[in-house]
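Read the structure below first, then the notes.
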Ligand code: NAD
Ligand code: WQD
């Protein structure tokens, strides 16, 4: 039987997807340089599933290593998570982001073509919608980028569209994730950010566990129901299952489709803080702080295309998201080093 190759398979979304793929009967091969992860996540995926994960350390920009990988293993499709994802950092070291994300993807596609593997699921992002004029956001919404990270995702989308235009026997799905949060309900795998978290949910969890004093709520003067920013938070296990569905879809279809993975519901920063406190019965001290540059007021998905094409919709609730985030954080206060 052939393998599904996960680039960046040891990361937050990759490890949860590895587990869902194993549970669905797929064989999983991860290729990760561990720049933002560790092999420990995949060891835990093996324990949870009772199935092996082949984990190879390597960089997607390393053409020779990729060529070796595709010659050593029978690979039927690729889920491409590998990439750098910190918006602020991308404005400091843009060349590194373009090299890692864009050049890395071009190298990966070149070796895939050379090896005759033409099924690809790509981790795109709602960031490609920029500051959308209208919510919920459909896949047809105009695209734009305001920082090098977002620009790298947009460039990759264009590159993959051009590739399919030139070579219609490729099957590519651009999955545009909204805001992934939560963790597997075992509490054994979850998000393990380096240093100070950029994203809301890991920050809330680290305040709750006592690693940080209080949350800064970036702006309370947005035109939203309570003045704080509204986002479409999606449970990472729902998101992971979307990848299983996308791979099953690609078994039957060529061409390229962009598909939102979101719930279609927006929650504010204070909705998240309040849900976390209520469900987990723990205080989350916060202060109102100035807006974070580059942030938008409101962003949530029109999720109907995923249901129509993939037969997928998010099933987990806000309470599941905050409960599972806390279960992971409280059981692993120092992430995989715990
Ligand atoms: P993550 O950092 O946990 O996972 C990415 C993985 O890729 C890491 O394990 C890292 O070590 C690996 N990696 C990075 N560069 C590599 C390279 N050159 N070669 C090999 N491996 C490399 O991030 P995540 O949250 O799991 O995100 C996965 C993908 O989803 C990324 O492409 C990200 O841009 C995208 N995405 C994430 C979010 C989010 O909020 N988490 C939202 C939208 C899109
Ligand atoms: C959510 C809300 C903040 C931290 C980013 C990327 C996006 C995608 C997901 C990859 C906003 C507020 C946050 C804090 C706060 N990643 N907030 N205090 O900005 O929607 O999206 O991650 O593709 O591309 O831009 O997510 O979790 O950073 O913020 O008040 O300490 O929480 O202002 O309203 P964002 P986030």
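So here's what we get for this one:
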item: For residue 146: the one exception among (1) in a helix (DSSP H, G or I); (2) touching a residue at least 60 places away in the same chain (Cβ under 8 Å); (3) over 20 Å from residue 107 (Cα atoms); result: (1)
item: Residue 73 surrounded by fewer than 19 Cβ atoms within 10 Å (Cβ to Cβ) and touching a strand residue (DSSP E or B) at 6+ places or on another chain (Cβ under 6 Å); result: yes
item: Wholly enclosed strands (runs of 3 or more DSSP E) of segment 1-91 bearing at least 3 residues near ligand 1 (Cβ under 9 Å from one of its atoms); result: 27-32
item: Qualifying residue in segment 183-195 (condition: under 18 Å from residue 86 (Cα atoms), modelled with pLDDT under 95, more than 12 Å from ligand 1 (Cβ to nearest atom) and not in a strand (DSSP E or B)); result: yes
item: Checklist (1) assigned to a helix (DSSP H, G or I); (2) in contact with a strand residue (DSSP E or B) (Cβ under 9 Å, 6 or more places away or on another chain); (3) closer than 30 Å to residue 76 by Cβ applied to residue 204, failing item; result: (3)
item: Qualifying residue in segment 220-242 (condition: more than 23 Å from residue 134 (Cβ to Cβ), in a helix (DSSP H, G or I) and free of Cβ contacts under 8 Å to residues at least 12 places away in the same chain); result: no
item: Residue count, segment 193-211 (criterion: within 7 Å of ligand 2 (Cβ to nearest atom) and in contact (Cβ under 8 Å) with a residue 24 or more places away in the chain); result: 3
item: Number of the condition not met by residue 117 [criteria: (1) assigned to a helix (DSSP H, G or I); (2) in contact (Cβ under 8 Å) with a residue 40 or more places away in the chain]; result: (1)
item: Test: residue in segment 104-115 that is within 16 Å of ligand 2 (Cβ to nearest atom) and closer than 28 Å to residue 126 by Cβ; result: yes
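Residues checked against (1) touching a helix residue (DSSP H, G or I) at 6+ places or on another chain (Cβ under 8 Å); (2) crowded, with 22+ Cβ neighbours inside 10 Å:
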{"position": "161", "(1), (2)": "no, no"}
{"position": "169", "(1), (2)": "no, no"}
{"position": "178", "(1), (2)": "yes, yes"}
{"position": "199", "(1), (2)": "no, no"}
{"position": "209", "(1), (2)": "yes, no"}
{"position": "223", "(1), (2)": "no, no"}
{"position": "238", "(1), (2)": "no, yes"}
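The values are calculated or read from the model by the stated rules, or taken from the named source; none is laboratory data. On a predicted model such as this, the values are computed, not experimentally measured, just so you know. Note that we place each Cβ from the backbone using ideal geometry, even for glycine, and neighbour counts take in every protein chain shown.
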